[in-house]
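Let me begin by presenting the structure, written as structure tokens, before commenting on it.
The values are calculated or read from the model by the stated rules, or taken from the named source; none is laboratory data. Since the model is a prediction, treat every value here as computed from it, not as a measurement. Here the Cβ positions follow ideal geometry from the backbone for every residue, glycine too, while neighbour counts run over all protein chains shown.
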Amino acid sequence: MTDILLIQPREIDADQILNLPSLPLGLLSVSTLLHRDYDIQIVDQRLPGNWQASILEALEAKPLVVGVTCLTGHQIHFAIEVSDFVRAHSDVPIVWGGLHFPVIIEQALAHPSVDGVVSGEGEQTFLEVVQALAAGRSPGGIPCYWSKEDGAIVEPPSRPFLDFDSLPDLPYHLVDLKQYLRFRKDGASIVFESSRGCPNRCGFCACNFYSHRWRAMSAERVVENILRFHREFGASMVVIVDDNFFVDKKRAHAIFESLVKAGSPVTLDLQGVRVDSLERMTDEELTLMHRAGVVKINVGIESGSQRILEFIKKDITVERAIAQNHRLSKTETYVQYNFITGFPTETEAEMKETIELALRLLKNNPKAMLNYFCVFSPLPGTELYDFEKQQGKQLPQSIEEWADYDRIYLNRRETGDIRKTNVPLNFVSLFVDRKIEYYSPSKLLHRLVSLYRPVARYRFARQNFNFLVEKWFFDRLNRLSFGRM
Ligand code: B12
Ligand code: SF4
């Protein structure tokens, strides 16, 4: 019996290359209010096995709806692939979800295999869509549910943000958790969302459109979940994927204190950390954070150019980032920095400043790592998308064109400087530090990367991308593995 079929499309990504799909948090979240009353099946195209056979089997039960999650970017190729497959075998309504801006939603609805799109947080909206379909009613008109009527797009009313802490825990039993425990040097890790949204105003970030208001789970509930992952699922590390973990400093403090008090054996990796949050922490709090199990934090710096930092409204300075790196170098905590190159108006000299800052942070702190350098992507709904549009930049006009925007092979439609420098820079940034050793338990991979690292460092520091045969091999490997590049 399947009432609802949910599909997680592939995404081309370093994690995918290392064969480490992460828990489908979006799909589990939209199942929270539904799983008690409806049978839900999740098919994950990223997992080994025959996804077509799994979909066909689920379709035999004539589900009420098929839901497909997707991010703006390369994942769209696969979202289209699975939606076309469903449409070829069934006339069940196909509903997409994810954090998409109206322009993208309208373009998605122009595709014949997309019947509706849930915009923003999906829990309540999808519940209402399913209830309408189960009662034989059209879901058109439900807040945040975009639909088509006689070929015309029906724009729905909006709805207030959900009270995040009142949502039930995720129905983990819907997936085989063992397949999502990712093995790192610190053991098996699992992803978890402890808060939603961010009040900051970075001009490239989706939060400004979708979740400017920060909402969080109580400290007690966060701690309960972390301990449960260890007790019930054998996870030894929890990766907290919040946009901005430290908005409520008291909550963060309470979480850390409770974990210490409980003698938590779990290590933590915090994704959304700002330089100004570190500034607000005393040295004692940095120590407490580590004692609570935080082995790594991810800090967004984005650029080494002060002019660009101001242009993108990051509300930090280069000097302040360097100072916090210095403080962190005296602690036991690893730190991974996020950078983006190719911002509108960025000059070659400003891009070099970013590279220099990244190298300086690595030099000053042996526990510092770089996230692979993103190539700027003008996401609809952000201030920089509007800026690019005003500047007359040619932006994607269809959902298929958006599919060519992602952080690794981003701006495939771009020629010129971005293709010549930012894309290769993104590639070599994968190998300039010890992150592969940090993330992958494979000794063979460690050895291969350590052989290539001096070359990557040279290319990175000098922006010398002549005869980049290694990227050619890497891309071919990807194509062989995933059939698309
Ligand atoms: C983990 C993560 C990743 C992972 C895995 C993503 C994944 N497939 O789940 C990886 C590393 C692959 C990744 C990549 C990218 N990411 Co990312 N990522 C995140 C992160 C940190 C957590 C995602 C998450 O699990 N959230 C928790 C779940 C519950 O939220 P959710 O998935 O949005 O689901 C809710 C709704 O969207 C909706 N929903 C989702 N799916 C469905 C399905 C149905 C049927 C329905 C009805 C509703 C629905 O309901 C859910 C519950 O409310 C978020 C930030 C964040 N905190 O959300 C950024 C975020 C999603 N990423 C973002 C971006 C920009 C990217 C990249 C484009 C980065 C880049 N510059 O290249 C790439 C895209 C690569 C690609 N397209 O293939 C943006 C999204 C912008 C956008 N409009 O899509 C976010 C929001 C960060 C930000 N603040 O800007 N990312
Ligand atoms: S601080 Fe991070 S999550 Fe918040 S707006 Fe800036 S980039 Fe987005």
Exercise. Yes or no: L357 surrounded by fewer than 22 Cβ atoms within 10 Å (Cβ to Cβ), under 26 Å from the mean Cα position of the chain (by Cα), outside any strand (DSSP E or B) and in contact (Cβ under 8 Å) with a residue 40 or more places away in the chain?
Worked result: yes
Exercise. Could you count how many residues in the range 205-229 are part of a loop (DSSP other than H, G, I, E, B), surrounded by 18 or more Cβ atoms within 10 Å (Cβ to Cβ) and more than 10 Å from ligand 1 (Cβ to nearest atom)?
Worked result: 2
Exercise. Mind checking whether some residue in the range 13-31 is within 30 Å of C205 (Cβ to Cβ), in a loop (DSSP other than H, G, I, E, B) and within 16 Å of ligand 2 (Cβ to nearest atom)?
Worked result: no
Seminar exercise, completed: Expected output for the range 166-183 (first residue within 15 Å of M237 (Cβ to Cβ), partner β-branched (V, I, T), Cβ below 9 Å, 6+ apart or cross-chain) is L177/I190; Y180/I190; Y180/V191; L181/I190; R182/I190; R182/V191; R182/V239
Exercise. Considering the range 427-448 alone, what residues qualify as being at pLDDT 85 or above, surrounded by 19 or more Cβ atoms within 10 Å (Cβ to Cβ) and part of a helix (DSSP H, G or I)?
Worked result: F427, V428, S429, K435, I436
Problem set entry | Residue identified as among the small types (G, A, S) and without any contact (Cβ under 8 Å) to a residue 24 or more places away in the chain among G151, G234 | G151
Seminar exercise, completed: Restricting attention to the range 276-308, the residues that are over 20 Å from V223 (Cα atoms), away from ligand 1 (no atom under 16 Å from the Cβ) and in contact with a Leu (Cβ under 8 Å, 6 or more places away or on another chain) number exactly 2
Problem set entry | Residues being polar (S, T, N, Q) and assigned to a strand (DSSP E or B) - total across the range 144-178 | 1
Problem set entry | Hey, C202 within 11 Å of ligand 1 (Cβ to nearest atom), in contact with an Asp or Glu (Cβ under 6 Å, 6 or more places away or on another chain) and in a loop (DSSP other than H, G, I, E, B) or not | no
For this session: Given the conditions (1) buried (at least 18 other Cβ atoms within 10 Å of the Cβ); (2) outside the structural domain of Q45 (by TED's automatic domain parsing); (3) among the aromatic types (F, W, Y), report the number of the one that Y145 does not fulfil.
Result: (2)
For this session: Would you be able to say whether some residue in the range 76-89 is under 20 Å from I4 (Cβ atoms) and not in a helix (DSSP H, G or I)?
Result: no
Problem set entry | From the options K352, K313, residue that is surrounded by fewer than 19 Cβ atoms within 10 Å (Cβ to Cβ) and either within 16 Å of ligand 1 (Cβ to nearest atom) or within 18 Å of the chain's Cα centre (by Cα) (or both) | K313
Exercise. How about the range 250-276: which of its residues are at positive phi and of a type in the set (V, I, T)?
Worked result: none
Problem set entry | Members of the range 167-205 that are within 14 Å of ligand 2 (Cβ to nearest atom) and under 20 Å from T125 (Cα atoms) | E193, S195, R196, G197
For this session: For residues that are touching a Lys or Arg at 6+ places or on another chain (Cβ under 9 Å) and in contact (Cβ under 8 Å) with a residue 40 or more places away in the chain, scanning just the range 154-165, find the one that is surrounded by the fewest Cβ atoms within 10 Å (Cβ to Cβ).
Result: D163
